[in-house]
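Accompanying notes for the structure given below.
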Amino acid sequence: MPSLIPSIASLMSDAKPVILTCAQPTGQLTIGNYLGAVKNWATMLDDYECYFGVVDLHAITVKYSPADLRKNTLSCVAQYIACGLDPERSNIFVQSHVIGHTDLAWLLSCITPIGDLQRMTQFKEKAAKLGFKAGEGNDLKFTHDGARAGASVNSGLLMYPVLMAADILLYNADAVPVGNDQRQHLELCRDLAQRFNHNYSDTFTIPKPFIPKQGARIMALQDPERKMSKSDENQSSTLYILDEASVLKKKIMSAVTDSSSEIVASEDKPGVSNLLQIYSMMSGRTVADIEGSLKGEGYGTLKKEVADAVISVFEPVQAKYKDLIDDKSYLEGVLRSGASAAQKRAYKVLGKVYRKAGFVERPR
Ligand code: TRP
């Protein structure tokens, strides 16, 4: 009888390295998300086995509305596909659809010192926003500015990086594309993987950060010293991929530049440098080439060309998005097959983890 188990050699021959990355379903993607993340992910589909997770369980660590969460999760999936994440060549899934993320997070939490979590920069920032100030070192106490106002820091917020570590380790991912702001979380994930392997013998692959060839630090249009951000109070600072052409144009035309009128990228011209970077990344032309072709022109011309470049990339993305978001059964199909591929891999790893950690196997 032929063996149903594939030989190791056959498994090795077509095994591609596994890449996993996730993002929270926070409504609209910005041009920074597009250039710094999604566009890069889309170039990796053929060389890696790719898993893209929309992490809805992370989204509830802060105040949210269930209706928005539902809407944003589907919208996020449609935006990814519209930006070029081909579901035929990758696995796009929703975190809450796959059993194992929270289970593994629990196991990992039992080998995570609380102090390591309290030290996380992002936790401290988010707690501070709620009106709390982290105590000295590993101190559990928060000063009670916010407590008086009835605020509290939920333990999910503290656990956030453990859940993130579980997202990654559940797939034994080889590499994780992340932005700079997530490096500390990835470092914790690597520590946890190493600790688990040390305690219970080799189980997890130690994931590497994946740094894209072309990074992107897109700055706020109205304040080019700060990073462009979704949560900017001045929304004309932020370009969204789903902004209508007229809105994109208006925001770009009103971008802050500087008083001298030369079109060159330099440190003392952050506004112009930012526009040149956007132009370059959206058009594929080098900054030097653009500077050359705009010699002697004014900022108005630069802005108009930047707007044209942005619009010509985003218009087809928007058209595709409109088709997708109206086609609920297609999106469901994508998420069904994404979840099933993800679940298959997740179950394998979770089974191994449970065995190693000493849990009695579930009777069949
Ligand atoms: N914390 C990440 C962010 O806010 C999102 C995230 C959750 C993630 N789980 C992940 C990123 C796993 C990479 C891998 O951007």
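The values are calculated or read from the model by the stated rules, or taken from the named source; none is laboratory data. Because the structure is a prediction, the values reported are computed rather than measured. Cβ atoms come from the backbone with ideal geometry, glycine included; neighbour counts cover every protein chain shown. Note: areas computed on protein heavy atoms with side chains; ligands, DNA, RNA excluded. Shrake-Rupley method; radii C 1.70, N 1.55, O 1.52, S 1.80 Å.
Pick from ILE218, ILE211, ILE206: which is of a type in the set (A, V, I, L, M, F, W, C) and away from the ligand (no atom under 15 Å from the Cβ)?
On the way: ILE211 fails: away from the ligand (no atom under 15 Å from the Cβ); ILE206 fails: away from the ligand (no atom under 15 Å from the Cβ).
Among ILE218, ILE211, ILE206, only ILE218 is of a type in the set (A, V, I, L, M, F, W, C) and away from the ligand (no atom under 15 Å from the Cβ).
Here are ALA59, ALA42: which of them is more than 22 Å from SER337 (Cβ to Cβ) and either under 18 Å from the mean Cα position of the chain (by Cα) or in contact (Cβ under 8 Å) with a residue 12 or more places away in the chain (or both)? Outline the logic, then answer.
Values: ALA42 fails: more than 22 Å from SER337 (Cβ to Cβ).
After ruling out the rest, the residue left standing is ALA59.
Under 6 Å between Cβ atoms, at least 6 apart or on separate chains: pull out the pairs that start in region 74-102 with a residue that is closer than 12 Å to THR21 by Cα and end on any residue that is part of a loop (DSSP other than H, G, I, E, B).
From residues that are closer than 12 Å to THR21 by Cα, the pairs are SER90/LEU45; GLN95/VAL55.
In region 164-176, how many residues are buried (at least 21 other Cβ atoms within 10 Å of the Cβ) and either within 22 Å of LYS16 (Cα to Cα) or more than 10 Å from the ligand (Cβ to nearest atom) (or both)? Break it down into steps so the answer makes sense when it comes.
Here is the first cut: in region 164-176, the residues buried (at least 21 other Cβ atoms within 10 Å of the Cβ) are 164-171, 173, 176.
Retained after the next criterion (residues that are either within 22 Å of LYS16 (Cα to Cα) or more than 10 Å from the ligand (Cβ to nearest atom) (or both)): 165-171, 173, 176.
Looking only at that region, the number is 9.
If I filter region 239-257 down to residues being in contact with a helix residue (DSSP H, G or I) (Cβ under 6 Å, 6 or more places away or on another chain) and of a type in the set (D, E, K, R), which single residue comes out as least open to solvent (accessible area, probe 1.4 Å)?
The residue in question is LYS251.
Take the residues in region 183-203 that are free of Cβ contacts under 8 Å to residues at least 40 places away in the same chain and within 14 Å of the chain's Cα centre (by Cα), then tell me which one is nearest to the ligand (Cβ to nearest atom). Spell out the reasoning first.
Let us first name the residues in region 183-203 that are free of Cβ contacts under 8 Å to residues at least 40 places away in the same chain, namely 183, 186-187, 189-190, 193-194, 197-198, 202.
Cutting the leftovers down to within 14 Å of the chain's Cα centre (by Cα) gives us 183, 186.
Numbers: ARG183: 11, LEU186: 7 Å.
Only one residue tops the list, namely LEU186.
So is ASN172 on the phi > 0 side of the Ramachandran plot and modelled with pLDDT of 95 or more or not?
Numbers: on the phi > 0 side of the Ramachandran plot: yes; modelled with pLDDT of 95 or more: yes.
In short, yes.
Could you look through region 193-204, keep only residues that are among the hydroxyl-bearing types (Ser, Thr, Tyr) and part of a loop (DSSP other than H, G, I, E, B), and pick out the one that is surrounded by the fewest Cβ atoms within 10 Å (Cβ to Cβ)? Break it down into steps so the answer makes sense when it comes.
Pass one, region 193-204, residues among the hydroxyl-bearing types (Ser, Thr, Tyr): 200-201, 203.
From what is left, the residues that are part of a loop (DSSP other than H, G, I, E, B) are 201, 203.
On the way: SER201: 8, THR203: 17.
Going through the qualifying residues, I end up with SER201.
Identify all residues within region 205-234 that are surrounded by fewer than 17 Cβ atoms within 10 Å (Cβ to Cβ), small (Gly, Ala, Ser) and touching a strand residue (DSSP E or B) at 6+ places or on another chain (Cβ under 8 Å); write none if there are none.
Answer for region 205-234, where residues must be surrounded by fewer than 17 Cβ atoms within 10 Å (Cβ to Cβ), small (Gly, Ala, Ser) and touching a strand residue (DSSP E or B) at 6+ places or on another chain (Cβ under 8 Å): just SER229.
Considering only region 272-297, state which residues are out of contact with any Leu (no Cβ under 7 Å at 6 or more places or on another chain), β-branched (Val, Ile, Thr) and free of Cβ contacts under 8 Å to residues at least 24 places away in the same chain.
Answer for region 272-297, where residues must be out of contact with any Leu (no Cβ under 7 Å at 6 or more places or on another chain), β-branched (Val, Ile, Thr) and free of Cβ contacts under 8 Å to residues at least 24 places away in the same chain: just THR286.
Within region 34-68, can you find the residues that are of a type in the set (A, V, I, L, M, F, W, C) and either surrounded by fewer than 16 Cβ atoms within 10 Å (Cβ to Cβ) or not in a helix (DSSP H, G or I) (or both)? Full working, then the answer.
Residues of region 34-68 of a type in the set (A, V, I, L, M, F, W, C): 35, 37-38, 41-42, 44-45, 50, 52, 54-55, 57, 59-60, 62, 67.
Within region 34-68, MET44, LEU45, CYS50, PHE52, VAL54, VAL55, ILE60, VAL62, ALA67 qualify.
Out of GLY53, GLY100, GLY84, I need the residue that is more than 14 Å from the ligand (Cβ to nearest atom) and of a type outside the set (D, E, K, R). Which one? First the steps, then the outcome.
Values: GLY53 fails: more than 14 Å from the ligand (Cβ to nearest atom); GLY100 fails: more than 14 Å from the ligand (Cβ to nearest atom).
Answer to the check: GLY84.
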